[in-house]
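Chemist: Here's a structure for you.
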Amino acid sequence: MSSQPSFRRFLLLGRPAVDAVLAAPGRDARIDVIRGLALLIIFINHMPGNVVSAYMPHNFGFSDAADIFVLLAGVSATLAYGGLIEQRGFAVAGLKLGARLWTLYIAHIAVFIIVCGVVATAVTRTQNPLYIEAINIQPFFRDTVEALIGALTLTYQPSYLDILPLYIVLLGLFPAIYYAARLSPLLTLGFSLTIWQAALVFELNLPNGSAGTWFFNPFAWQVVFTLGVVIGRAAQLGIRAPRLIWLDLAAVAFIAFAWVVKVSSGNPTGIGALNDWFDSVQLGSDKTNLAWTRLLHIGALAWLAIRWLPAGATLAKAAPGRILAHAGQNSLHVFCAGIVLSISGQIVLAETSFDLGVQLLICTAGVTILTGLGIFLSWYRSITKRGASAESAPARGAQLPRPSLSSR
Amino acid sequence: MTKAAFQPNLPAARKALQETGRLTIVALGSSATAGSGASAEDKSYPAVLQAELSRRLPGAEVQVLNKGVGGQSAYDMLLRMQADVIDEKPAIVIWQTVINDAIRDIGEEKLAKILNKGIGKARAAGIDMILMDLPWLPREGRYPHYDDYRAVLVKTARDQGISLFPRYAMMKGWSNSRQFTPEELVGMDGLHLVDAGYRCLALRLADGIVAGIGPVRIEAAGGGVKPTN
């Protein structure tokens, strides 16, 4: 029961009460498992029109896997780089963060080139131009020089290649958000919301190509990331979520409400004044600039996950959780592989006229490859680490606890 | 399909020309509007349309704004309707869409709702709308619901009394008549209109728009005396 004042103190001042009972810090499998799941969902959803995607979460709620991915990016960045800031200081953490940003950038460029190659091959073999349309890759073929410069400066992003640039920008902002959250999580969230709303009013976004803007507006999506940083900061300090039954119920009610809204067609309440609202949320929620419904939905999901999913390693004990955790721990590799696989999958689906058997086969094969990649990379790291630690263990002494986010 | 007549009803355009001598058109769309496959920016259909209308409406100041963003769905464009269309205060908006919705199979009912909303917004702002039909594809079987989505587009246009530019019929005609080689028709990427195709599309649009406006006395743009030099 002492957790509530401690939580309030954290929100305002970024610190727990001196006498608060803190949770033991340790690796939290929830992050890896949920992130692994989000990666698989993103893969399925990136093949629109396939039958499995009709069962993915965006059909049953306002937020989707992208929101989860960005939120967890904030949580795990805090555990990894926030932890490093506390233990080694800003200089070391800043260098590590810079190295990570570079890795993300290189990964983005590599995926860009590979996807262009895959689509070019498909189009010349099949004479179907719509592959180019679907991925908005035409600028690359029309004006390669300009598109290449655009790709390198992140000002040209084909469809599906828009999440990593967002991640790069958000991670670049991480130190500022983290230091702010250390002072006052509540003020930080307030400031973050203000920037979002101001960007909406002034129509701020970064440019994409000659006429477009970023699909994920960083001025809007920093809100989800900041929420993740605050959650990560609480986890870092070992602050437990207070037992607020009313908030649990409100979260469940909101998620249930979203479910009803999304699966019904039209307005089930019969209140005429709400017709327009129902219409607008059923047609789609504004992903580019975020939408209040999205934010509330991801907030409700996060709250329930923090409160009710078992902390610690429990979630990754059984086989499905363990498999997902491996994918989540190697998120960058799995994500990049998933993009290339899903775009290849789109092409195969069209060439086979969306045959049901092929659809199921592609989804199964993709999920198998992606989870297999996660398991392989975890194994690879464990055997290479074993050799490395044998050499350097005596010199380095106590190792830092490895943060939950795989930053490699 | 026979050659469909295309003569849109354009009261707002007519009024704008009569009163101000200006005609502003927004080309809202995805990559066919942006100019996919064209060899240069000025070969996209909106650019050719602007040149063609300027020639055919002497004295008028014609501007065709290209608001094409590749890969966008009808919903993406509905979100842009205010900033990219209504705020530009055009007399006409040419909306080229549905292709990405058909590819992604977003649901026919949903598409109809989105189109109706977009049409409603333009109508409320007093803008004349022209919808553009889907392109004809050499192998539609890749997208089993292609015809169904096209039917939604055709039906929505009819129900709303909006003229539909018969791009599908035009392209199908080209492919049958062999006026173009397959390469010319589709270019390297299979089916995007290349320069020749965009040009034909823009000319047919200009025909329709000029006919739709009808004979009109154009107030010289800016109301001033033309400088002589």
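Chemist: Which count do you get for residues in region A:268-300 that are modelled with pLDDT of 85 or more and within 13 Å of A:ALA66 (Cβ to Cβ)?
Modeler: Qualifying residue count for the region: 8.
Chemist: Another question about this same structure. Listed residues A:ASN205, A:ASN217; which is in contact with a Ser or Thr (Cβ under 6 Å, 6 or more places away or on another chain), at pLDDT 95 or above and surrounded by 16 or more Cβ atoms within 10 Å (Cβ to Cβ)?
Modeler: Only one candidate qualifies: A:ASN217.
Chemist: Please name all residue pairs, on different chains or six or more residues apart, with Cβ atoms under 6 Å, provided the first residue is in region B:86-108 and is over 19 Å from B:SER31 (Cβ atoms) and the second residue is acidic (Asp, Glu).
Modeler: Close Cβ pairs (under 6 Å, with a partner that is acidic (Asp, Glu)) amount to B:ILE92/B:ASP128; B:GLU108/B:ASP148.
Chemist: Which one is surrounded by the fewest Cβ atoms within 10 Å (Cβ to Cβ), of the residues in region A:59-81 that are more than 30 Å from B:LYS110 (Cα to Cα) and among the aliphatic types (A, V, I, L, M)?
Modeler: A:ALA80
Chemist: What pairs come up if the first residue lies in region A:172-190 and is under 13 Å from A:ARG9 (Cα atoms), the second is loosely packed, with under 15 Cβ neighbours inside 10 Å, and their beta carbons are under 7 Å apart, counting only those six or more places apart or on different chains?
Modeler: A:SER184/A:LEU12; A:LEU186/A:LEU12
Chemist: Residue check: is A:TYR167 crowded, with 18+ Cβ neighbours inside 10 Å, touching a residue at least 40 places away in the same chain (Cβ under 8 Å) and more than 14 Å from chain B (Cβ to nearest Cβ)?
Modeler: For A:TYR167, the condition - crowded, with 18+ Cβ neighbours inside 10 Å, touching a residue at least 40 places away in the same chain (Cβ under 8 Å) and more than 14 Å from chain B (Cβ to nearest Cβ) - is met.
Chemist: Now, a different point. Here are the criteria: (1) closer than 29 Å to A:GLY345 by Cβ; (2) touching a Leu at 6+ places or on another chain (Cβ under 9 Å). Tell me which single one B:THR33 does not satisfy.
Modeler: Against the list (1) closer than 29 Å to A:GLY345 by Cβ; (2) touching a Leu at 6+ places or on another chain (Cβ under 9 Å), B:THR33 comes up short only on (2).
Chemist: Of everything in region B:22-59, what is more than 12 Å from the chain's Cα centre (by Cα), closer than 13 Å to B:ILE92 by Cβ and among the hydrophobic types (A, V, I, L, M, F, W, C)? Give them in sequence order.
Modeler: Result: B:LEU23, B:LEU53, B:LEU57.
Chemist: Considering each of B:GLY190, B:GLY197 in turn, give the residue that is buried (at least 16 other Cβ atoms within 10 Å of the Cβ), part of a helix (DSSP H, G or I) and at pLDDT below 90.
Modeler: One residue alone meets the criteria, B:GLY197.
Chemist: Which is under 15 Å from the mean Cα position of the chain (by Cα), touching a residue at least 40 places away in the same chain (Cβ under 8 Å) and within 16 Å of A:ILE42 (Cβ to Cβ), of A:LEU341, A:LEU332?
Modeler: Answer to the check: A:LEU332.
Chemist: Please note which helices (runs of 4 or more DSSP H) are completely contained in region B:58-164 and include at least 3 residues that are more than 14 Å from chain A (Cβ to nearest Cβ) and surrounded by fewer than 20 Cβ atoms within 10 Å (Cβ to Cβ). First the steps, then the outcome.
Modeler: Values: elements: B:74-80, B:99-104, B:108-124, B:146-160.
Filter on region B:58-164 gives B:146-160.
Chemist: Within region A:341-353, can you find the residues that are crowded, with 20+ Cβ neighbours inside 10 Å and either farther than 16 Å from A:VAL115 by Cα or facing chain B (nearest Cβ under 9 Å) (or both)?
Modeler: Within region A:341-353, A:GLN346, A:LEU349, A:ALA350 qualify.
Chemist: Hey, another quick one. Which condition number in (1) within 11 Å of chain A (Cβ to nearest Cβ); (2) of a type in the set (A, V, I, L, M, F, W, C); (3) out of contact with any helix residue (DSSP H, G or I) (no Cβ under 9 Å at 6 or more places or on another chain) is the one that B:ALA169 fails?
Modeler: Exception for B:ALA169: condition (1).
Chemist: Scan region A:320-349 for residues that are of a type in the set (Ser, Thr, Tyr) and under 13 Å from A:GLY374 (Cβ atoms) and jot them down.
Modeler: Within region A:320-349, A:SER331 is the sole residue that qualifies.
Chemist: Another question, then. Against the definition (touching a residue at least 24 places away in the same chain (Cβ under 8 Å) and surrounded by fewer than 18 Cβ atoms within 10 Å (Cβ to Cβ)), how does B:GLY173 come out, yes or no? Show your work before the answer.
Modeler: On the way: touching a residue at least 24 places away in the same chain (Cβ under 8 Å): yes; surrounded by fewer than 18 Cβ atoms within 10 Å (Cβ to Cβ): yes.
Yes: the conditions hold for B:GLY173.
Chemist: Among the helices (runs of 4 or more DSSP H) confined wholly to region A:82-157, which include 3 or more residues that are buried (at least 16 other Cβ atoms within 10 Å of the Cβ), more than 12 Å from every other protein chain (Cβ to nearest Cβ) and β-branched (Val, Ile, Thr)?
Modeler: Hits in region A:82-157: A:90-126.
Chemist: Now a separate question. Consider A:LEU193 carefully, then state whether it is surrounded by 21 or more Cβ atoms within 10 Å (Cβ to Cβ), more than 14 Å from chain B (Cβ to nearest Cβ), in contact with a helix residue (DSSP H, G or I) (Cβ under 9 Å, 6 or more places away or on another chain) and closer than 20 Å to A:ALA291 by Cβ.
Modeler: No; evaluated as a whole, the condition is false for this residue.
Chemist: Pick from A:SER382, A:SER389, A:SER353: which is more than 23 Å from the chain's Cα centre (by Cα), of a type in the set (S, T, N, Q) and either at pLDDT 95 or above or closer than 27 Å to A:MET47 by Cα (or both)? Explain how you work it out, then say what you get.
Modeler: Numbers: A:SER382 fails: either at pLDDT 95 or above or closer than 27 Å to A:MET47 by Cα (or both); A:SER389 fails: either at pLDDT 95 or above or closer than 27 Å to A:MET47 by Cα (or both).
Just one listed residue meets the conditions, A:SER353.
Chemist: Sort through B:GLY173, B:GLY161, B:GLY107 and tell me the only one that's small (Gly, Ala, Ser), out of contact with any Phe, Trp or Tyr (no Cβ under 6 Å at 6 or more places or on another chain) and under 26 Å from A:HIS58 (Cα atoms).
Modeler: Numbers: B:GLY173 fails: under 26 Å from A:HIS58 (Cα atoms); B:GLY161 fails: under 26 Å from A:HIS58 (Cα atoms).
Answer to the selection: B:GLY107.
Chemist: If a residue must be of a type in the set (Phe, Trp, Tyr) and at positive phi, how many such residues does region A:134-192 contain?
Modeler: As a first pass, look at region A:134-192 and keep what is of a type in the set (Phe, Trp, Tyr): A:140-141, A:156, A:160, A:167, A:174, A:178-179, A:191.
Filter once more, so that each one left must be at positive phi: A:160.
Going through region A:134-192 one residue at a time, the tally reaches 1.
Chemist: Which one of the conditions (1) touching a Pro at 6+ places or on another chain (Cβ under 6 Å); (2) assigned to a loop (DSSP other than H, G, I, E, B) does B:ALA5 fail to meet, given that it meets all the rest?
Modeler: (1)
Chemist: Specify which of the listed residues (B:SER30, B:SER54, B:SER36) is within 28 Å of A:MET56 (Cβ to Cβ) and either touching a residue at least 40 places away in the same chain (Cβ under 8 Å) or more than 13 Å from chain A (Cβ to nearest Cβ) (or both).
Modeler: B:SER30 is the lone residue from the list that is within 28 Å of A:MET56 (Cβ to Cβ) and either touching a residue at least 40 places away in the same chain (Cβ under 8 Å) or more than 13 Å from chain A (Cβ to nearest Cβ) (or both).
Chemist: Does B:LEU28 count as buried (at least 24 other Cβ atoms within 10 Å of the Cβ), out of contact with any Pro (no Cβ under 9 Å at 6 or more places or on another chain) and assigned to a strand (DSSP E or B)?
Modeler: yes
Chemist: Could you list all residues from region B:39-51 that are within 13 Å of another protein chain (Cβ to nearest Cβ) and surrounded by 21 or more Cβ atoms within 10 Å (Cβ to Cβ)?
Modeler: Of everything in region B:39-51, those that are within 13 Å of another protein chain (Cβ to nearest Cβ) and surrounded by 21 or more Cβ atoms within 10 Å (Cβ to Cβ) turn out to be B:SER44, B:PRO46.
The values are calculated or read from the model by the stated rules, or taken from the named source; none is laboratory data. Predicted, not measured: the structure shown is a model, and the values here were computed from it. Backbone-built Cβ (ideal geometry, glycine too); neighbour counts: all protein chains shown.
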